[in-house]
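Notes for the one structure printed next.
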Amino acid sequence: MITFDDVELRHDGRIVLSGVSGTIASGSLTALTGPNGSGKTTLLRAIAGLHPLSGGRIVRHGLEPADIALLAQGSQLDRSFPIACRDVVALAAPRVGPFRQIGRDQLAAATAALSRTGLDGMDRRPVQALSAGQFQRLLFARTIVRDARLILLDEPFTAVDAASTQLLLSVVHEWHAQGRTVIAVLHDMDMVRRHFPHTLLLAGQTAQWDADTGIQAA
Amino acid sequence: MLDFLLEPFTLGFMRRALAGCLALSVAAPPLGVFLVLRRMSLMSDVLQHGVLPGIAVGAIFAGLSVWAMGLGGVVAGLTVALLAGWLARRTGGREDSQLAGLYLLALAAGVALIAGRRGIDLTHILFGNVLAVDDPALFGMAGVATVTLPVLALIWRPLVLESLDPGFMAATAGRGGLWHLIFLVLVVLCVVSGFVALGTLMSVGLMMLPAVAAQHWSNSLAGQVRTAVLLACLSSVAGLILSYNLDIPAGPAIVLTAGALWAFSLIAGSRASLWRQAMPDA
């Protein structure tokens, strides 16, 4: 469970959100929506503990940083780096510290995650050779191996074709079925209505819980 | 022909220079590969100028002691590297412009400090002098190589992760700054350790040119590191032979050889080379 208590967020000194209160239940599947610049990414980063609060508090009820996985939009991952797909995924496995050897299970988990996201047989493929859609699948595979209780997705389906979107949505549903809490920033209202039981709409510096997305989309 | 190749190494000082340069050839290129991948090639440029005032101050206070000059160089190099990073963060400016400003200042300060002193030869500090590779200088190069390789092996994984995806590193493991700092210390140590034989301006050549060339031969990190070390060793041996036979300073000779290997890689390498671009199907 995550509880927001009168949260205020600033970006470069300017208030982007204020007076956000409410809860996100454990194991819930929530879409975070709102126009560009409404503070969706900032709120997501604040939930992950990566953006300071300028007011109020966010109570994470025992979630440690290791329990939270953030799939950032426009990931800073350097796509020209000479590294194979499986290594990128394996590096994200929990309990892979700076020094301990990456074990056989962790490599197997990385291979499994790659094939779950439709990247079968791409273990040794260099990251440079991936298309934009395949790259997004790779980021999903990396999020899978994190094995996190709270999963934060920032516009996870941009630059992804319809078939890939269906596959990645099934991964999101699987996370939900496993009892993980998932919060996703989305723009596609049709997808939100069909797949996301809960919504948090950000607009005009405030938040609205489970608003009627049909009206908002119009 | 055999004379041409072997005669230089019948002399003691050439063998010392060879041993020192080979030590540096094993330690420096892996760091260069990371500098290239992190788009920090300019940092090596900055350091080669940045260490100069420190070496000058060391020489002024302790005479021509390699240890004093080395220590001064390490302190000055780290100061410039950290100051540039700090300025860029504080002012929101780009790091490269801050670096360019700092290294010009450091070079000017170094030259100004050295120029007036008798007994300190500016060209030897800038371009090196193989005759001056005495025991302390040789131990310095070997010692730095001995420290660099295990430390690099220890910080390898966090360094890869931090270079690959700094945002992810910050969100999960944190402490990206610590690994970056250790890495910078290693780079400064390598630049400074080579200055007696190769000079401050040239020792960076053995770090960067093989690393840039290696990009044209391998698309794995380990492959690039292996190739870079191989090219650096080749440059050291061939450069010293040329230096002796053609009577040119060792630093420029080694860097010219490394440069020739880079040019060859750029033209004929197996990846992203001019040949590959001209003949995509070849």
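The values are calculated or read from the model by the stated rules, or taken from the named source; none is laboratory data. All values derive from a computational prediction rather than experimental measurement. Cβ coordinates were reconstructed from backbone atoms using ideal geometry, including for glycine residues, and neighbour counts include every protein chain displayed. Surface areas here come from the heavy atoms of the whole protein model, side chains and all, with no ligands, DNA or RNA. Shrake-Rupley method; radii C 1.70, N 1.55, O 1.52, S 1.80 Å.
Quick notes on this one:
- Relative contact order, percent, region B:215-264 [alpha-carbon distance under 8 Å, six or more residues apart]: 30
- Radius of gyration over Kirkwood radius for chain B, both on Cα atoms: the Rg/Rh ratio is 0.98.
- MRE, 222 nm, helices only [DSSP H, n ≥ 4, -39500 (n - 2.57), over chain B, to nearest 500]: -27000 deg cm²/dmol
- Counting only alpha carbon atoms, the long axis of helix A:104-116 and the longest principal axis of chain A meet at about 60°.
- Long-range Cα-Cα pairs in region A:82-148 (distance over 16 Å), rounded percent: 38
- With the convex hull of the Cα atoms taken as the outline of region B:13-155, the averaged projected area works out to 9.1 nm².
- Here the relative contact order of region A:82-148, from alpha carbon pairs under 8 Å that lie six or more residues apart, stands at 49 percent.
- Acute angle (nearest 10 degrees) that the helix A:132-146 long axis makes with the longest principal axis of chain A, alpha-carbon atoms: 90
- Hull-based mean projected area of the protein assembly as shown, where the convex hull spans the alpha carbons, in square nanometres: 27.8
- Between region B:217-282 and region A:150-197, the alpha-carbon center distance in angstrom: 48
- Chain lengthening between residue B:246 and residue B:45 when straightened (0.36 nm per residue, less Cα-Cα): 69.6 nm
- The calculated FRET efficiency for the pair residue B:10 and residue B:279, based on their C-beta separation and a Förster distance of 45 Å, comes to about 0.50.
- Here the Kirkwood formula, the inverse mean of 1/r across different C-alpha pairs, assigns region B:64-148 a hydrodynamic radius of 14.9 Å.
- In degrees, nearest ten, helix A:162-177 long axis to first principal axis of chain A (Cα): 80
- Kirkwood-Stokes translational diffusion coefficient of chain A, alpha-carbon pairs, 37 °C, 0.692 mPa s, µm²/s: 182
- Two-decimal ratio, region B:158-255, of alpha-carbon radius of gyration to 2.2 N^0.38 Å: 1.32
- Solvent exposure, largest accessible area first (probe 1.4 Å, DNA, RNA and ligands not counted), of A:85, B:233: B:233, A:85
- Size of the B/A contact, given as accessible area buried on both chains, probe 1.4 Å, in Å²: 1900
- Projected area, mean over directions - region A:11-100, Cα convex hull, nm²: 8.6
- Virtual spin-label span in nm between residue B:3 and residue B:139, 7 Å along Cα→Cβ: 3.8
- Among the trypsin sites (Lys or Arg not before Pro) within region B:1-87, those in coil by DSSP and having at most 15 neighbouring Cβ atoms inside 10 Å are B:39.
- Chain A - mean residue ellipticity at 222 nm from DSSP helices (-39,500 (n - 2.57) per run, n ≥ 4, rounded to 500): -9500 deg cm²/dmol
- Value of D in µm² per second that Stokes-Einstein yields for region A:110-189, Kirkwood Rh from Cα pairs, at 10 °C (1.306 mPa s): 123
- At full extension, residue A:26 and residue A:120 could sit 30.7 nm farther apart than now, given 0.36 nm per residue minus the alpha carbon distance.
- The relative contact order of chain B comes to 27 percent, based on Cα pairs under 8 Å that sit 6 or more residues apart.
- Cleavage-rule hits (chymotrypsin sites (Phe, Trp or Tyr not before Pro)) in region A:102-198: DSSP loop, at most 10 neighbouring Cβ within 10 angstrom: none
- Average accessible surface area per residue within region B:2-270, 1.4 Å rolling probe, Å²: 41
- For the protein assembly as shown, with all protein chains in place and a probe radius of 1.4 Å, 60% of the accessible heavy-atom surface sits on carbon or sulfur.
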